[in-house]
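To start, the structure under review is shown below, and the notes come after it.
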Amino acid sequence: MSEKVRVGILSTASIVGKVLPGLKHGMEVVGVASRDRQKAQEFCKEHDCGEGMLYDEMLARDDVDVLYVPLPTGLRNEKIVQAISRGKHIYSEKPMGGTVAELADIIKQCEEKGLQWMDGTMWYHSIRTREIEKKLSGGELGQVLRVSASFTFMAPDEAWLQGGNGRTDKSREPMGCLGDQGWYPLSAILWAFGWIMPEKVVCTHVTLNKVDTIVHCAGTLWFPGNRSAVFDCGCTAPHRSQYEVVCEKGTIRVDDLVGGQQRSGNFTAYETPFVGSAEYVQGDVMGKDQVMKAEACDHVNALVDDLASCIKGIKAGGKPDPDWPKRSLAVHKVMSAVFESAQKGGAAVDITGGYPGVQFLSHQSKIATKIELFTGLASASGATVEAVQFKRLGYLSLDSNERSQFQARELKSVYVDVVAQFLRILFHKCHINRYNALNQVGLIALSCLGEVVPPAEMPVQVVPAASAVVSAPPKVPVPEAKQPPPVASPVAAPQAPSPVVEPPPPPPAPTTPTPRQQPTISKVVSDLADLDETKYDAKTLERLRNLVLEKQQCVETEDYGGAKRCKDAILMLKQKGLQICELEEQKRAAVENEEYDTAKSLKLEIDRLRGECERAGEEKEPMQTPQASAQRRSPQPQQRSAPCQAATARTAAAAQATPPAPVRVSLENFEAPPMSAAAPSQGRRSYRSVTEDEAATASFPDEMPVTPSAGSTAKPYPSSARAGDRGAGDRAAGFRSAANGMRGYASEESIPDAKHPLGGVPNLEDLGQPDPIPTHLQAEAEPLCSVFGSYIIQCVYSKSWSLRDAALQKLALQIAHPENLNVQDADRLLSAYVAILVRTIPDKNVQVFHSSSLLLKAVCNDLISGASFGRARQASLEPLLVPLAERLGDGNARVEKTARDAHWDIARSVGAAFSAQHLLRAPKKKTVPPRVFSSRLQLLAALVSEFGVQPKSHDGIALEPAAQLAMEWFSNPAAEVRESAVKLMAACYIHVGLSRIEMYLANLRQAQREVFDAEFQRVSHAKALGPGQPSAQGAGLAEGHQSVDASEAEDSDESLDEFFCQFCGREDPNFTLAALDIHYWRECPMLSACKLCEQVIEISRMHWHLMEECEVGEAAVAEARRFSADRCPLCFCRVCPAGTSPDERDWQEHLLVMGCHSNPRVRSSAVS
């Protein structure tokens, strides 16, 4: 073992000068090869490193154990493959060349030939790295949550940057600086996460030089468990070679990742041998840092020692170390994905195939509490499910999703490294929430990740110990029957068709059920699983379980009429049970608040509902004539079940018999169809539901009374009230009066879309039920309920934005047919619409505000502009002007545009003078961002351009207040506000001339007056050219309300492009208006939600928002005092040089380019 490993070098690249001393230290250097023999010989003579030769000569030598291959990336793989075929171990310089598949094939060749593979990532081998690795893997710091890593430096000159170096010329390094420098931060990230592969990556920023090569790159990686990492690399930023690992219990930071020279500025450490990597910084949860010392070492020597040790072990009969090739493949795979994302303009690239496992994408509201996994192999007899014995792997839990308000979907990944042909997934009971009244479980997507095993290599099932095998699930416990019909096991069921059975004499002999009948056992399991004990009282739950079992018996005996009646009864009892549960909660709240009158009324309502449930269970099915029985029974009446026959003749005394104990079916047992099941007991009660003929007259099957809120003072409608006394929404939904005079409505399941109060609204089936209107708002809402129906108004007042949005859409649909509404007074109808809009226009949800604007547009077009409404009633719209004016200047481009459009709708309906009256007043708040002023000025300028000014135009804007406002706001320090003020004055100038506005310009300084005069000259020239003719000085005022200036119109259109995020610059063809809103709300790295009021705003404006705008008040001001306006509110780092104020570029550099370490948002692609 004392014999040194002999190494040959396949290149004379400059990196060899750095590595050669380490190779001499730990190995014997045989020589250096090149395509030019003379060059190789001169290199060997200069560095005293053996013999110079050609590539083929080096590959053919038998005295070479390992080859060091620092060839250019594009040429490397060919020589590596030749070396492997000659039995040489491989020491390859990084980054790796070729595709991921090519590298995987090369590594596989090494593995098959028993050869060691190692790449040239030197920092892996330092003593410091191994010391930190022990802390991360040993759990001292907890789970790794986030990693940031960088390797950047400044190009020495422009020629170097523009392709004069190998790393800046893609012909030599295809991935440019991403390949050469990105390898280090990406490897550090994967190493810190324990070599778990990320789920997806995104290149958030990329810069190309003149030869189309990457010279700067930044990106984000998402790991399982809501963890992430960011990196950046390139040669356009100051020297940084670092990583930071953020864990649950502390942090680790290294400032000299690549060279080990600390922050000394010693750049030669990358080119010559250097002993370093002697310290790192460890922080605790309170932010206290401690400098930790480690034994210094030379990275190259450490790498060569590790490689030599591996090769000596192989020579001694050992196997190659598989960890090193896995690392190379993992980093190359992630880097290739980042490169792909850069080529696709920043699109996310999924790389979840990096490790074997299963991924579940859960529904946003129908969420299982737990999912169990089982795998199995086919037996030697064949690959049939019945013959498979499943082994339980474990389970994973899902979040209730309440924190996202059921808007997001959880992606759960689980590592599964087994060979299997079958996967069984067992869903446990769901999380309870208001959107999942029927206790359902939903799965949006399922991905199985791994490698395909050839049939010849697939192992055959070996029966393991009984404790580890799920051979057959337990039976579903049901009450014993006197004569239970046997049900054959699915495993034992014959595959051939069932034999023909001659008509048997009574009683019929037991027969094997057909495949059509077998699934009924699974169905009863599913139905019983839906009965959540927390959502029903004990009596209702018992009746539901008994009805489920009776329905199963009816299906097995093909008594489908009886099964339908059971199903109807189950639906009715579920509705009543949910109502009872909700009322019980309200009653408890009323008692806690000492509102005993309310509690009393709620108790009476609960007792009434329970009485209906009792009566529904105890009513007996009347005796039927043979003809009627033949019509309602199945075609084979002789096979009807005994319980169903007994139900038709059961007496009241029999109904009072003591029922058996409730059936408890654990979800843990729902693993497969049971082998057998007993019929329900004949002594069990049978609960009758109404028939189809009786449904029109019965009150309980499809009635669900409106749940009164705690403390409600609203009077119920009497049962004798006329249909016209209720809202149109109630009539459309089939509302009817119950015995107690309360109005009721059916659940969504029982209301056809055409009769639903929200009928016609898209995705109606995804909406939940609205909550009752709060007590303090009932007096306000009651007049609206009489016009539009209580259901729609409950949606308007709902806490769920989707219900508010759906109600507004429905109101907009109804406005075209006001005759269907329960109101004949036009003024009252208009006032009702305005009252709703006054409530919804200030809504913080962008989609709700957008739907409000569409409703306002419909009001203006179909009511205000109609023959029955004149301008004398324009005052009805005045309450809308203030909230609309306050939405102008919003940071969300869609909100800004919607607010402008709404003003234009009003202006075209009742006149610009009316719509602009609040625009001519100062904002209510003392301090507002500049865009609020500029937005109002721009809209006023557009209105002046369209409608003119008074008195020349009757519908125009009043000249005096408009000019005074423009001149007052011209003193604003923001340039955009001053420019907008000048354009407003220019718009007035076009209509009235200079003489009418001269008085407002009298106090201007000479330089200021020149600005106005230049604008006047420009618009005059544009007007002289006429519409549609371009001006050399720029287009004149644009028609309509798109913009004042044509050039501005282009900018405005671009900024409002639905495929473009105006904040982070991301362009995505998948962006719709709704998708863009989601991007703003959840993904854009330039935006963040205020943790006090939850409003989503620009991070750059967070300090101002907390000081001036946040509705929380003093707590917000106190939060703002924690940092200054020039610091990031997330990480508290300064974003601009001291003594200066940050501008837009400073914030983009901090949030997009450098990447704020404390920003949890997904980063979007930024335009280079």
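Can you tell me which residue among 1105, 1150 is within 23 Å of residue 231 (Cα to Cα) and surrounded by 17 or more Cβ atoms within 10 Å (Cβ to Cβ)?
Answer to the check: 1150.
Answer yes if at least one residue in region 456-476 is among the aliphatic types (A, V, I, L, M), part of a loop (DSSP other than H, G, I, E, B) and either within 19 Å of the chain's Cα centre (by Cα) or modelled with pLDDT of 75 or more (or both), and no otherwise.
No.
Of the conditions (1) within 30 Å of residue 77 (Cβ to Cβ); (2) small (Gly, Ala, Ser); (3) touching a His at 6+ places or on another chain (Cβ under 6 Å), residue 368 satisfies every one except a single condition; which number is it?
Condition (1) is where residue 368 drops out.
Which residue is surrounded by the fewest Cβ atoms within 10 Å (Cβ to Cβ), if the candidates are limited to region 362-411 and must be on the phi < 0 side of the Ramachandran plot and among the aromatic types (Phe, Trp, Tyr)?
The extreme case among them is 395.
Give the residue that is farthest from residue 42 (Cα to Cα), with candidates limited to residues of region 1-15 that are at pLDDT 90 or above and of a type outside the set (S, T, N, Q).
5
For region 978-998, which positions are of a type in the set (A, V, I, L, M, F, W, C) and out of contact with any Ser or Thr (no Cβ under 8 Å at 6 or more places or on another chain)?
981, 982, 984, 985, 986, 988, 992, 994, 997 - these are the residues of region 978-998 that are of a type in the set (A, V, I, L, M, F, W, C) and out of contact with any Ser or Thr (no Cβ under 8 Å at 6 or more places or on another chain).
Grab the helices (runs of 4 or more DSSP H) fully contained in region 1017-1128, keeping just those with 2 or more residues being charged (D, E, K, R), within 27 Å of the chain's Cα centre (by Cα) and modelled with pLDDT of 85 or more.
Correct list: empty, since no element meets the threshold.
From 161, 115, grab the single residue that is over 31 Å from the mean Cα position of the chain (by Cα) and closer than 21 Å to residue 311 by Cα.
Going through 161, 115 in turn, just one is over 31 Å from the mean Cα position of the chain (by Cα) and closer than 21 Å to residue 311 by Cα: 115.
Is there a residue being modelled with pLDDT of 95 or more, over 28 Å from the mean Cα position of the chain (by Cα), of a type in the set (A, V, I, L, M) and part of a strand (DSSP E or B) anywhere in region 245-253?
The answer is yes, given that some residue of region 245-253 is modelled with pLDDT of 95 or more, over 28 Å from the mean Cα position of the chain (by Cα), of a type in the set (A, V, I, L, M) and part of a strand (DSSP E or B).
With respect to residue 16, is the statement that it is outside the structural domain of residue 166 (by TED's automatic domain parsing), farther than 21 Å from residue 180 by Cα, surrounded by fewer than 22 Cβ atoms within 10 Å (Cβ to Cβ) and of a type in the set (Val, Ile, Thr) true?
In short, no.
Name every residue in region 275-299 that is farther than 14 Å from residue 128 by Cα and touching a Lys or Arg at 6+ places or on another chain (Cβ under 9 Å), in order of residue number.
Selection gives 283, 284, 285, 289.
I'd like to check something: does region 1075-1086 contain any residue that is of a type in the set (A, V, I, L, M) and in contact (Cβ under 8 Å) with a residue 60 or more places away in the chain?
Scanning region 1075-1086, I find at least one residue that is of a type in the set (A, V, I, L, M) and in contact (Cβ under 8 Å) with a residue 60 or more places away in the chain, so the answer is yes.
So, residue 169, is that one at positive phi, among the acidic types (Asp, Glu) and modelled with pLDDT under 95 or not?
no
Tally the residues that are under 27 Å from residue 177 (Cβ atoms) and β-branched (Val, Ile, Thr), restricting the search to region 57-78.
Within region 57-78, residues that are under 27 Å from residue 177 (Cβ atoms) and β-branched (Val, Ile, Thr) number 2.
When you scan region 1-102 for strands (runs of 3 or more DSSP E) that lie fully inside it, which ones turn up with 1 or more residues that are closer than 27 Å to residue 297 by Cβ and touching a helix residue (DSSP H, G or I) at 6+ places or on another chain (Cβ under 6 Å)?
6-9, 28-33, 66-69, 89-92
Identify, from the list 92, 85, 14, the residue that is within 51 Å of the chain's Cα centre (by Cα), hydroxyl-bearing (Ser, Thr, Tyr) and farther than 24 Å from residue 110 by Cα.
Exactly one residue qualifies, and that residue is 14.
Quick check on region 217-231. Is at least one of its residues in contact with a helix residue (DSSP H, G or I) (Cβ under 6 Å, 6 or more places away or on another chain), surrounded by fewer than 23 Cβ atoms within 10 Å (Cβ to Cβ) and on the phi < 0 side of the Ramachandran plot?
Checked region 217-231: no residue is in contact with a helix residue (DSSP H, G or I) (Cβ under 6 Å, 6 or more places away or on another chain), surrounded by fewer than 23 Cβ atoms within 10 Å (Cβ to Cβ) and on the phi < 0 side of the Ramachandran plot.
Any residue at all in region 581-601 that is touching a Ser or Thr at 6+ places or on another chain (Cβ under 6 Å) and among the charged types (D, E, K, R)?
Looking through region 581-601, at least one residue is touching a Ser or Thr at 6+ places or on another chain (Cβ under 6 Å) and among the charged types (D, E, K, R).
For region 366-441, which fully contained strands (runs of 3 or more DSSP E) count at least 3 residues that are at pLDDT below 80?
411-415
So, in region 305-340, of the ones that are within 23 Å of residue 230 (Cβ to Cβ) and small (Gly, Ala, Ser), which residue ends up nearest to the chain's Cα centre (by Cα)?
Result: 337.
Could you figure out which of (1) touching a Leu at 6+ places or on another chain (Cβ under 6 Å); (2) modelled with pLDDT of 85 or more; (3) surrounded by fewer than 22 Cβ atoms within 10 Å (Cβ to Cβ) isn't true of residue 945?
Against the list (1) touching a Leu at 6+ places or on another chain (Cβ under 6 Å); (2) modelled with pLDDT of 85 or more; (3) surrounded by fewer than 22 Cβ atoms within 10 Å (Cβ to Cβ), residue 945 comes up short only on (3).
Considering (1) more than 25 Å from residue 343 (Cα to Cα); (2) part of a strand (DSSP E or B); (3) in contact with a helix residue (DSSP H, G or I) (Cβ under 8 Å, 6 or more places away or on another chain); (4) modelled with pLDDT under 95, say which one residue 238 fails and leave the rest.
(3)
Can you name the residue in region 127-158 that is in contact (Cβ under 8 Å) with a residue 12 or more places away in the chain and assigned to a loop (DSSP other than H, G, I, E, B) and, of all such residues, is farthest from residue 214 (Cα to Cα)?
140
The values are calculated or read from the model by the stated rules, or taken from the named source; none is laboratory data. This structure is a prediction, so every number in the text was calculated from the model and none was measured. FYI the Cβ positions are ideal-geometry reconstructions off the backbone, even for glycines, and counts take in every protein chain you see.
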